[in-house]
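These notes are about the structure you will find just below.
What follows is calculated from the coordinates using simple rules that are stated; it is not laboratory data. Since this is a predicted model, take the numbers as computed values, not measurements. Please note: Cβ atoms are built from the backbone with ideal geometry, for glycine as well, and neighbour counts cover all protein chains shown.
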Amino acid sequence: MKQHKHNISEITVFTDFDGTIVSQDIGNELFIQFGEFQQNYDLLKSGNIHIRDYWAKVCSTLKISENIKSKFNGFDDSFFEYFVEQFDIDPNFITFYNFCIDNSININILSDGFSNYINPIINKIGITDAKIFSNKLCLIDKKIIPFFYGASESCECMCASCKRNTVITEAPPDSLIVYIGDGQSDLCAAEHSDIIFAKNHLSAYLNEKRIPHYNFSNFFDVYRIFSNIINEKKYRIRHQAFLKRKQAFECE
Ligand SMILES: [Zn+2]
């Protein structure tokens, strides 16, 4: 195979949140605990409803349980601070995050979930200046309305916000792109990245498409492998990803 050389000006990391930095899908947990999750999720999985309509529908079912209702003024910030108390972040994430900062590597959290629960969890571990791209739930006239930061018509990834678009527009043109994720919303972004860390559904998808990646189970694995790659300077632009990025720009 012909070797292609690309100059690398910097390194940009994107990491998924639900199922990756935290082991659960907190977005789903919110609706399992406070809404009508399963029947709507089944509609989504069977392809009978678009994901953005799914979110609008399931959001309309959100209700704070009677026993805690008096404590909150609807689904406000104090509610989300209370809600996230039950979840723990991967303790190795902070080690990985600090490694990136110390090595001038740009790190971004990229989620198809909602900032309402992501921000308080990230703040809880002492990170206050993280770059986070995510959807948002807004309380308007006592109704919960989802807003999608990156809805895309040109990608067929079936996500509320397309992570591919954020990856290709936020990373500088000569940047090496590193992607870490686990699920459906990570497929299109991972395919456009140079170094991929994957687990679960994402890993199976990449195997099927024969796209090289590192498997991981937690951020200690990611930190160990990634710090080695950086320290040994064992990285290069993946030519297939480079071509896909170019192609994506051409059809936007
Ligand atoms: Zn996409």
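Of all trypsin sites (Lys or Arg not before Pro) in the stretch 1-73, which ones are in loop regions per DSSP and have a Cβ with at most 10 other Cβ atoms within 10 Å? Passing sites in the stretch 1-73 are K2, K5.
Once you sort the root eigenvalues of the Cα gyration tensor of the stretch 52-162 as a ≥ b ≥ c, which label holds: rounded (a/c under 1.5), prolate (a/b larger than b/c) or oblate (the other case)? Judged from the Cα gyration tensor, the stretch 52-162 comes out oblate (a/c at least 1.5, b/c at or above a/b). With the convex hull drawn around the C-alpha atoms of the chain, the volume per residue stands at 132 Å³. Computing FRET efficiency as 1/(1 + (r/R0)^6) for D77 and F242, where r is the C-beta to C-beta distance and R0 is 51 Å, gives about 0.80. Here's how it looks for F197: its modeled amide H is under 5 Å from those of Y179, I180, G181, Y214, which are all 5 or more places away or on a different chain.
Sorted ascending by nearby beta carbons within 10 Å, beginning with the fewest, D102, D18, D77 become D102, D77, D18. Calculated mean residue ellipticity, 222 nm, the chain: -11500 deg cm²/dmol, from DSSP H runs (n ≥ 4) at -39500 (n - 2.57) each, averaged per residue and rounded to 500. Against the main long axis of the alpha-carbon atoms of the chain, helix 219-231 sits at an angle near 30°.
If you rank D129, D174 by fewest surrounding Cβ atoms within 10 Å, what's the result? Before the final figure, lay out the partial values.
Working: D129 6, D174 11.
Lowest to highest Cβ neighbour count: D129, D174.
Coordinate range of the alpha-carbon atoms in the stretch 123-223 per principal axis, descending: 48, 37, 30 Å. Here is the list for the stretch 70-161: GluC sites (Glu not before Pro) lying in DSSP coil, each with at most 13 other C-beta atoms within 10 angstrom of its C-beta, are E85, E153, E156. Close amide-amide hydrogen proximity is noted between L110 and T15, D16, F17, F133, each under 5 Å apart and 5 or more residues distant or on a separate chain (H modeled in the peptide plane; Pro and chain starts excluded). The slack in the chain from I32 to N103, taken as 0.36 nm per residue of separation less the alpha-carbon distance, amounts to 21.6 nm.
Quick one: of the DSSP bridges fully inside the stretch 1-157, what percent are antiparallel, nearest 5?
Working: 6 of 15 bridges.
In the stretch 1-157, DSSP labels about 40 percent of beta bridges as antiparallel.
Using a Förster radius of 30 Å, what is the FRET efficiency between T61 and C251 based on their Cβ-Cβ separation? Nearest 0.05, please. Please list the in-between numbers first.
Working: r = 36 Å, r/R0 = 1.20.
Taking R0 as 30 Å, the efficiency between T61 and C251 is 0.25.
When you count the other C-beta atoms within 10 angstrom of each residue and take the mean per peptide, 230-242, 196-208 line up highest first as 196-208, 230-242. Each residue in T169, T95, T12 was given a count of other beta-carbon atoms within 10 angstrom of its own, and listing them fewest first yields T169, T95, T12.
Scalar couplings 3J(HN,Hα) for the stretch 112-120, obtained by applying the Karplus form with A = 6.51, B = -1.76, C = 1.60 to θ = phi - 60°, are 8, x, 10, 4, 3, 9, 5, 4, x Hz; x denotes Gly and Pro.
From the Cα gyration tensor of the stretch 116-178, with a ≥ b ≥ c the square roots of its eigenvalues, which class applies: rounded if a/c is under 1.5, or else prolate if a/b is larger than b/c, or else oblate? Since a/c reaches 1.5 but b/c is at least a/b, the shape of the stretch 116-178 is classed as oblate.
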